[in-house]
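Just below is one structure, and these are the notes that go with it.
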Number of protein chains: 2
Amino acid sequence: MPPAKPVPPDLIERPGQVESSNGIDMGILPSLMGYMLRQGQLCVYQDFFQVLAAEGIRPPQFSILEVVSRNPGIRPSDVATAIGIKRANLVPLVSALEKRGFLTRAMAELDRRAQSLHLTPAGAEKLRYWHSIVKPHEDRLAERLGAHGRETLLKLLQTLVRG
Amino acid sequence: MPPAKPVPPDLIERPGQVESSNGIDMGILPSLMGYMLRQGQLCVYQDFFQVLAAEGIRPPQFSILEVVSRNPGIRPSDVATAIGIKRANLVPLVSALEKRGFLTRAMAELDRRAQSLHLTPAGAEKLRYWHSIVKPHEDRLAERLGAHGRETLLKLLQTLVRG
């Protein structure tokens, strides 16, 4: 299994401004949910990158391993739909996880054209380790939001996405 | 000025699941702020794409025009930092806006190596039109969140990003 390569720092996007400051007027952007969600996401991802940099994984790879772990034998296209990334973007991420020995791609039993994904024992162990790193990372970020801040945020986002 | 090209539908990412359903168990993902912020952002962006598809613009191009409009003469690198996108990703977006006649790039007066960005009258008019489209789009999405939902969401995101 090749060693994890840290994600190069120049691939990490940093959040922008959420208010007019530094002499720059942000106009209506901080009042738009799309703009603010993007900045919020960059902020959490940046923190995630720093925490998991030594592991050489990106947020979607964590999501893929989590979904495969809970749904053994799932097809790549169903993983892509479930976590909201394009099939074309999923393929190289799955290949990288396979090369590192964390998951296997096999032909599905019922449909020989379809692939089915399974975690390896090494992948299952790795995922448990990542869980143990991600939990304190979430808690630290959530502290910024005060009591019930995280729950309120998650509830609003769920309502928004469910439509 | 070349006509606006609609954004191809296959370039539009769709949000994934925010709860375990459709027979797929999402594990801990819906309890992670990073995952949920990503889904929320995709949801709003998808709506934004549909609303502004005929205009052929993407969310960051809206942000660029907004920031240049409020800060005439701003340098491209300052726009990139302000809205949180990488300089390399900014260049083609600015070029596209320039080609469509919405902004101009000129050498800054004090530092001939630095570029300064200005909106054209056509760009200013276009931005006013986009404002008039984006406002109802925001209001429609905010309706999902109930009374004060949008304000609560924006306040939590500001607190998160400010750190």
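Per-structure values
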| read-out | value |
| --- | --- |
| A:Val94, sole failed condition from (1) touching a Gly at 6+ places or on another chain (Cβ under 7 Å); (2) assigned to a helix (DSSP H, G or I) | (1) |
| Selection count, region B:54-102, where residues are at pLDDT 90 or above, within 14 Å of the chain's Cα centre (by Cα) and acidic (Asp, Glu) | 1 |
| Some residue of region B:20-30 being over 30 Å from B:Ala122 (Cα atoms), within 10 Å of chain A (Cβ to nearest Cβ) and assigned to a helix (DSSP H, G or I) | yes |
| Count of residues meeting criterion [within 11 Å of B:Leu97 (Cβ to Cβ) and either touching a strand residue (DSSP E or B) at 6+ places or on another chain (Cβ under 6 Å) or small (Gly, Ala, Ser) (or both)] in region B:64-73 | 1 |
| Exclusive hit being buried (at least 24 other Cβ atoms within 10 Å of the Cβ), at negative phi and assigned to a loop (DSSP other than H, G, I, E, B), set B:Ile64, B:Ile57 | B:Ile57 |
| Complete set of residues in region A:135-147 that are at the interface with chain B (Cβ under 7 Å from one of its Cβ atoms) and either touching a residue at least 12 places away in the same chain (Cβ under 8 Å) or within 21 Å of A:Leu65 (Cα to Cα) (or both) | A:Glu138, A:Leu141 |
| Unique match (being loosely packed, with under 15 Cβ neighbours inside 10 Å and in a loop (DSSP other than H, G, I, E, B)) among B:Ala147, B:Ala122 | B:Ala147 |
| Among (1) within 30 Å of B:Arg140 (Cβ to Cβ); (2) in contact with a Leu (Cβ under 6 Å, 6 or more places away or on another chain); (3) not β-branched (Val, Ile, Thr) - the single one A:Gly163 does not satisfy | (2) |
| Filter result (surrounded by fewer than 19 Cβ atoms within 10 Å (Cβ to Cβ) and outside any loop (DSSP other than H, G, I, E, B)) within region A:79-89 | A:Thr81, A:Arg87, A:Ala88, A:Asn89 |
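The values are calculated or read from the model by the stated rules, or taken from the named source; none is laboratory data. If you're wondering where the values come from, they're calculated on a predicted model, not measured in any experiment. For neighbour counting, all protein chains shown are included, and Cβ atoms are generated from backbone atoms with ideal geometry for every residue, glycine included.
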